[in-house]
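The values are calculated or read from the model by the stated rules, or taken from the named source; none is laboratory data. Source: prediction; values computed, not measured. Cβ atoms come from the backbone with ideal geometry, glycine included; neighbour counts cover every protein chain shown.
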Amino acid sequence: MATLSVSKVPSRHLPVVATFALFVLTFGAGSVSFENFASGQVFANLFIDNAHLIVLAVGMTFVILTGGIDLSVGSVLALSTMIAAAGVKAGWPVPLVIVVVLLTGSVLGLLMGLMIHKFDVQPFIVTLAGMFLARGLCFVISIESISIKDKGYRALGMDRIALGGGVSITNNVLIAVAVLLAAMYVLHLTRFGRTVYALGGSEPSARLMGLKVGFTKVGVYVVSGFCSSLAGLVFSFYTASGYGLHAVGMELEAIAAVVIGGTLLAGGSGYVLGSVVGALVLGTIQTIISFDGTLNSWWTKIVIGALLLAFIVLHRLIVRRSSA
Amino acid sequence: MNRLWWALGALVALLVLNVVVTPSFFSIRMQDGHLYGSVIDILKNGAPTLLIALGMTLVIATRGIDLSVGAVVAIAAAVTCEYIATSSDPGSASTALVGMAISLGLCLVLGLWNGFLVAVLRIQPIVATLVLMTAGRGIAMLVTDGQIITVNNETYRSVGAGFVLLPLAILISVAVLALVAVATRKTALGLLIEAVGVNPEASRLAGVQSRTIIWTVYVFAALCAGVAGLMISSNVSAADANNAGLWIEMDAILAVVIGGTSLAGGRYSLTGTLLGALVIQTLTTTVYTAGIAPEITLVFKAVVVVVVILFQSPKVQALFRRRPKRPVAEVLKPQEVAS
């Protein structure tokens, strides 16, 4: 009978449902094991501490939905913190800093997108070059980390918004939620968003249908570049510093969040909401490990690897079932 | 052949630049029966990358990719050093040999694991190997307990820092290169690998044991990564689970791509991979000798990759050709065939 109730859920929703279940399960496990875990603030902290990862995962979802990949997101995040910190230090007004950072990320995304589309180079290689370039540019600005001392800028990251019940969030959480809502709107209710799914389903078909394949293909990398630089701003609010070694390997966490969130790496199937829940699962695991205190940080990596495996195998089974 | 020229051109340009900056660049001197010089340094420091790139070439030729090699490097280093450091006789040759054998055996298992995910469960290679890439470093840290383990063992040290006229690391990499060249080009193996890369389904129907081939290349890649891990850690007589082989998978993939092997699988070039690995290492060394902060090497690496990739791309190649090739359909007009 259990199988009957499962089969009522369309198979394309199944991975996302599984991700939600996993989130409830990990958070529940934390709540049972630790006294103060099941509080509103711990839940809110998940968003506060992972706002940048959520933003990255949303951008990455666009790219992966088209069947591409963006390895540059962690480096672009670092470059953004670096530009922001250096700009604030040089006395630029904060709005100008924000515009410059977002433009840099979007332009980098645009260049990578154009290389991928116009020259038929694999996204993996192009974004790998982008990853090296952005990371290297951080060190061109400065080898050392730069702390942000501007009071107005710091206030953007430190200010708390009370939600009642003693729970408070930061501006970063609002940014992350806004990005999620915007992405859901774009993916499901605009022509661009539907083309993203069509492109991931089958590029030749999308082309034959007369969809704007080139525009969309370049567009997702611009979206990802924009999200990466926004995540960089969020990260600089959070840490009040810019550093070339910020977010090393963060691209893998973003990819992991997207995969655990139920998006197929082959493209064409998945939801941004799933990616966000995926990012929250990763955050919960980190919280549990820090609550425990005796577990070492490397267990995070091993657990993330194991979860990745579980979800990939789940995808395999679903794909096999629906094609059978 | 055309694609090799770009890699060769990049390498020659870098070498010329080096000679201009340091006129004594090509000088090699003999001291205590060992050869020293900038060129030897490039070859020695590039040996682990070349070794991993060789494994990666075969994986990429089957339309795969192996992201886990950096993590395998860390695991191989961690296991060997942990074994030597905790053994009753940490200085003896036999301890080092047993330690290396155990860690290479483990690498074999890790390769089998990747191969199992790709060949049997038919998971996309990029995700399948991402699992071990993420978890692998965690496992290496578990083995070393998060510490950097230092060992003092002459036999182990010789793998990465030893000399037999030339640094042993160079000789090992060149030997593996020769071995792969003979094994894949003098037998049908290379052809079978390319067949799997061009069309796995068609090659299976044609009777190629594609599953075995795929399994073999992932095991080979993991073994190469293991040996490279031994080289890297023995060169400094220490295992650093966090940093050993960090980003080496990316360097190896770049070496393969600069060498003209397409990520889409099929045709591969071992000469190209050798050239690619040399380009990357020469670039790194050039930046060092030019007195630029080593962190900024990444910018130059990105520029070289973009330039080489763009020139290799079919669309740019088409611009260089004076006349576009006539499509096949036009060449074989029915009346011409009839006459």
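For the range A:164-179, check the following and say yes or no: at least one residue is farther than 13 Å from A:V58 by Cα and under 14 Å from the mean Cα position of the chain (by Cα).
Within the range A:164-179 (the criterion being farther than 13 Å from A:V58 by Cα and under 14 Å from the mean Cα position of the chain (by Cα)), the answer is yes, since at least one residue qualifies.
So, in the range B:1-33, how many residues would count as being assigned to a helix (DSSP H, G or I) and in contact (Cβ under 8 Å) with a residue 60 or more places away in the chain? Give the steps one after another, and end with the answer.
Our first condition is that a residue be assigned to a helix (DSSP H, G or I); within the range B:1-33, this holds for B:2-21, B:23-26.
After this cut, where a residue has to be in contact (Cβ under 8 Å) with a residue 60 or more places away in the chain as well, the list is B:2-4, B:6-8, B:10-11, B:14-15, B:17-18, B:21.
Result for the range B:1-33: 13.
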Discussion item. Take the conditions in a helix (DSSP H, G or I), over 27 Å from A:G249 (Cβ atoms) and either of a type outside the set (K, R) or away from chain A (no Cβ under 14 Å) (or both) and apply them to B:I52. Does it pass?
Written reply: no
Worksheet item: If you take the residues of the range A:303-324 that are more than 10 Å from chain B (Cβ to nearest Cβ) and surrounded by 15 or more Cβ atoms within 10 Å (Cβ to Cβ), which of them is farthest from A:R194 (Cα to Cα)?
Response: A:L314
Worksheet item: Quick one: which of B:A264, B:A225, B:A241 is within 24 Å of B:G99 (Cα to Cα) and within 11 Å of another protein chain (Cβ to nearest Cβ)?
Response: B:A241
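In the range B:235-264, what count of residues is obtained for those that are outside any helix (DSSP H, G or I) and either closer than 25 Å to B:L106 by Cβ or of a type in the set (K, R) (or both)?
Total satisfying the criteria: 11.
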Worksheet item: Quick check: is even one residue across the range B:180-200 more than 21 Å from B:A228 (Cβ to Cβ) and acidic (D, E)?
Response: yes
Worksheet item: Taking the stated definitions as given, is B:T261 under 23 Å from A:L114 (Cα atoms) and not aromatic (F, W, Y)?
Response: yes
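Return the residue satisfying two criteria in turn: it lies in the range A:129-173 and is of a type in the set (D, E, K, R) and either touching a strand residue (DSSP E or B) at 6+ places or on another chain (Cβ under 8 Å) or outside any helix (DSSP H, G or I) (or both), and of such residues it is nearest to the other protein chains (Cβ to nearest Cβ). Please lay out each step first, then the result.
First, the residues of the range A:129-173 that are of a type in the set (D, E, K, R): A:135, A:144, A:149-151, A:154, A:159-160.
The next check asks that each one be either touching a strand residue (DSSP E or B) at 6+ places or on another chain (Cβ under 8 Å) or outside any helix (DSSP H, G or I) (or both); those that pass are A:144, A:149-150, A:159-160.
On the way: A:E144: 11, A:K149: 24, A:D150: 26, A:D159: 34, A:R160: 33 Å.
Among those that are of a type in the set (D, E, K, R) and either touching a strand residue (DSSP E or B) at 6+ places or on another chain (Cβ under 8 Å) or outside any helix (DSSP H, G or I) (or both), it is A:E144.
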Fill in: Considering residues of the range A:99-128 that are at the interface with another protein chain (Cβ under 8 Å from one of its Cβ atoms) and within 23 Å of the chain's Cα centre (by Cα) only, the residue surrounded by the most Cβ atoms within 10 Å (Cβ to Cβ)
A:V126
Practice prompt. Quick one: in the range A:249-302, of everything that is more than 14 Å from every other protein chain (Cβ to nearest Cβ) and assigned to a loop (DSSP other than H, G, I, E, B), which residue is farthest from A:V63 (Cα to Cα)?
Written response: A:G293
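Among the residues that make up the range B:152-162, is at least one of them of a type in the set (F, W, Y) and crowded, with 24+ Cβ neighbours inside 10 Å?
Taking the range B:152-162 as the starting set, the residues that turn out to be of a type in the set (F, W, Y) are B:156.
Among the residues that remain, those that are also crowded, with 24+ Cβ neighbours inside 10 Å are: B:156.
Yes - at least one qualifying residue is present in the range B:152-162.
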Worksheet item: In the range B:19-32, is there at least one residue being modelled with pLDDT of 85 or more and closer than 21 Å to B:M250 by Cα?
Response: no
Worksheet item: Considering only the range B:102-128, how many residues are more than 10 Å from B:A76 (Cα to Cα), in a helix (DSSP H, G or I) and of a type outside the set (S, T, N, Q)?
Response: 16
Discussion item. Considering only residues that are without any contact (Cβ under 8 Å) to a residue 24 or more places away in the chain, facing chain A (nearest Cβ under 8 Å) and within 20 Å of the chain's Cα centre (by Cα), which ones fall in the range B:88-130?
Written reply: B:V127, B:A128
Fill in: Where B:A161 falls short, out of the listed (1) in contact with a Pro (Cβ under 8 Å, 6 or more places away or on another chain); (2) closer than 29 Å to B:V118 by Cβ; (3) of a type in the set (A, V, I, L, M, F, W, C)
(2)
Practice prompt. Among the candidates B:Y83, B:Y36, single out the residue that is free of Cβ contacts under 8 Å to residues at least 60 places away in the same chain, in contact with a helix residue (DSSP H, G or I) (Cβ under 9 Å, 6 or more places away or on another chain) and either closer than 17 Å to B:L270 by Cβ or surrounded by fewer than 24 Cβ atoms within 10 Å (Cβ to Cβ) (or both).
Written response: B:Y83
Worksheet item: When you look at A:P15, is it closer than 30 Å to A:V222 by Cα and modelled with pLDDT under 90, yes or no?
Response: yes
Discussion item. Can you find, within the range B:285-310, the residue that is farthest from the chain's Cα centre (by Cα) among those that are in contact (Cβ under 8 Å) with a residue 60 or more places away in the chain and surrounded by fewer than 18 Cβ atoms within 10 Å (Cβ to Cβ)?
Written reply: B:A290
Response to the item:
Counting only helices (runs of 4 or more DSSP H) wholly inside the range B:150-234, the ones holding at least 2 residues that are out of contact with any helix residue (DSSP H, G or I) (no Cβ under 7 Å at 6 or more places or on another chain) and among the β-branched types (V, I, T) are B:168-185
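Given the criteria loosely packed, with under 14 Cβ neighbours inside 10 Å and assigned to a loop (DSSP other than H, G, I, E, B), does B:S88 qualify? Walk me through how you get there before you give the answer.
Numbers: loosely packed, with under 14 Cβ neighbours inside 10 Å: yes; assigned to a loop (DSSP other than H, G, I, E, B): yes.
Answer is yes for this residue.
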Fill in: In the range A:231-248, residue nearest to the other protein chains (Cβ to nearest Cβ) [restricted to those that are surrounded by 24 or more Cβ atoms within 10 Å (Cβ to Cβ) and part of a helix (DSSP H, G or I)]
A:G232
Worksheet item: Between a first residue in the range A:217-233 that is within 17 Å of A:M250 (Cα to Cα) and without any contact (Cβ under 8 Å) to a residue 24 or more places away in the chain and a second residue that is of a type outside the set (S, T, Y) and surrounded by 24 or more Cβ atoms within 10 Å (Cβ to Cβ), which pairs have beta carbons less than 6 Å apart while being 6 or more apart in sequence or on different chains?
Response: none
Worksheet entry | Matching residues in the range B:132-150 - criterion: being among the polar types (S, T, N, Q) and at the interface with chain A (Cβ under 7 Å from one of its Cβ atoms) | B:T134
